[in-house]
1. Which condition number does Tyr157 fail, the rest of (1) buried (at least 16 other Cβ atoms within 10 Å of the Cβ); (2) within 24 Å of the chain's Cα centre (by Cα); (3) outside the structural domain of Arg27 (by TED's automatic domain parsing) being met?
2. What number goes with the only condition from (1) modelled with pLDDT of 95 or more; (2) buried (at least 22 other Cβ atoms within 10 Å of the Cβ); (3) touching a helix residue (DSSP H, G or I) at 6+ places or on another chain (Cβ under 9 Å); (4) under 28 Å from Val254 (Cβ atoms) that Val17 does not pass?
3. Considering only residues that are more than 16 Å from Glu20 (Cβ to Cβ) and within 22 Å of the chain's Cα centre (by Cα), which ones fall in the stretch 116-127?
4. Only one of (1) surrounded by 12 or more Cβ atoms within 10 Å (Cβ to Cβ); (2) touching a helix residue (DSSP H, G or I) at 6+ places or on another chain (Cβ under 7 Å); (3) of a type in the set (Gly, Ala, Ser) fails for Gly180. Which number is that?
5. What tally of residues in the stretch 51-75 results from selecting those that are more than 21 Å from Ser2 (Cβ to Cβ), assigned to a helix (DSSP H, G or I) and touching a residue at least 40 places away in the same chain (Cβ under 8 Å)?
6. Are there any pairs with C-beta distances below 9 angstrom linking a residue in the stretch 256-274 that is closer than 14 Å to Thr197 by Cα to a residue that is among the hydrophobic types (A, V, I, L, M, F, W, C) and assigned to a helix (DSSP H, G or I), with the two at least 6 apart or on different chains, and if so which?
Amino acid sequence: MSVLAVAEHRRGDLRDVSLELITAGRRLADATGGDLDVVVVGGDVDAFADRLDREGVDTVYTVDEGEEFNHEVYADAVEQLHAELEPTALVAPNSVNGLDYVPAVAERLDVPLITDVIDFEAGDGIEVTREQYGGKVETAYDVDADQYAVTIRPAEYPKAEASGDATVEAFDADVADDLGTTVNGFEEVGGGDVDITEADVLVSVGRGIEEEDNIPLIEELADTLGATLSSSRPIVDNGWLPKNRQVGQSGKVVTPDVYIAVGISGAVQHVAGMKGADTIVAINSDPSAPIYDIADYGIVDDLFEVVPELIEAFGGEAPDV
């Protein structure tokens, strides 16, 4: 079984999910002792190839076409490389970009596509696991096909960190000169210049904050810790913070070094977006809150008592709320 994984980058940065794909792809290839090949399309392909040279990768293919994502370029390049390598599995991120071009490639290749995969077991075929009903149910699907495509949910697999000795090869894709679409710019969802997916430390606020006037208390904690402020969905739904701060299934998937959940109960939709954090700290007055099921450290107490003390302990000054 050979595997072709498609890396993803944005605005000059290789996205973490690309390294997660290496872990998932290597595990899939190991099921039958096959090769893991990775392709990166566009941007600074040489620099990206260097970062993608991780343990377990056999070959990194570079396609030097354009700077940013383009549906036509990706669909053509991936289809053509797939035709040359004939991998059993095509693996890509379950992201905005991945869900744009992978269905087109799967349709052209006439292979089954399974999206938003969180786990799999490979053998003669593959059994994939997906979540349904807002993460309340896990469903396993048997895929009986010689070739297939899957998109992997970000933050479900650890990033490949160890350096490897992969071969790097340029692949000359036959991409049309008269592309029908071009990238003219980027606009963050909900506005603002903060990307919570890139933060090392996140302080996230939930329904327990009670009212908008109390948000500055959590903002001060984040500022004192040198962290980025994020939130659960109710805070965004109430209009207290912009959409680009939302963590969860309907927001953004984050994998910070430290995630501090303040007044967040831990609904499955929120947990799906932050369970990949290295260390999770929960502050909630309810000892039976689901967030404690995944937290590494917990403070069962009133956040309005705990947060001011944390701010002062780290050298800040708690605001009056």
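1. (3)
2. (1)
3. Glu121, Glu127
4. The number of the failed condition is (1).
5. The qualifying residues number 3.
6. Sorted first by the residue in the stretch 256-274, then by its partner, the pairs are Pro256/Ile196; Pro256/Met274; Val258/Leu225; Tyr259/Met274.
For every residue, the table says whether it meets (1) buried (at least 16 other Cβ atoms within 10 Å of the Cβ); (2) not small (Gly, Ala, Ser).
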{"position": "Ala106", "(1), (2)": "yes, no"}
{"position": "Val111", "(1), (2)": "yes, yes"}
{"position": "Glu121", "(1), (2)": "no, yes"}
{"position": "Ile126", "(1), (2)": "yes, yes"}
{"position": "Thr139", "(1), (2)": "no, yes"}
{"position": "Asp144", "(1), (2)": "no, yes"}
{"position": "Thr167", "(1), (2)": "no, yes"}
{"position": "Phe171", "(1), (2)": "yes, yes"}
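Listed here are the residues, each with its yes/no results for (1) more than 24 Å from Asp200 (Cβ to Cβ); (2) out of contact with any Gly (no Cβ under 9 Å at 6 or more places or on another chain); (3) polar (S, T, N, Q); (4) assigned by TED's automatic domain parsing to the domain that holds Glu220.
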{"residue": "Val268", "(1), (2), (3), (4)": "yes, no, no, yes"}
{"residue": "Pro290", "(1), (2), (3), (4)": "yes, no, no, yes"}
{"residue": "Gly298", "(1), (2), (3), (4)": "no, yes, no, yes"}
{"residue": "Glu305", "(1), (2), (3), (4)": "yes, yes, no, yes"}
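The values are calculated or read from the model by the stated rules, or taken from the named source; none is laboratory data. Bear in mind the structure is a predicted one, so any value in this text is a computation, not a measurement. Using ideal geometry, Cβ is built from the backbone for each residue, glycine included, and neighbour counts are taken over all protein chains shown.
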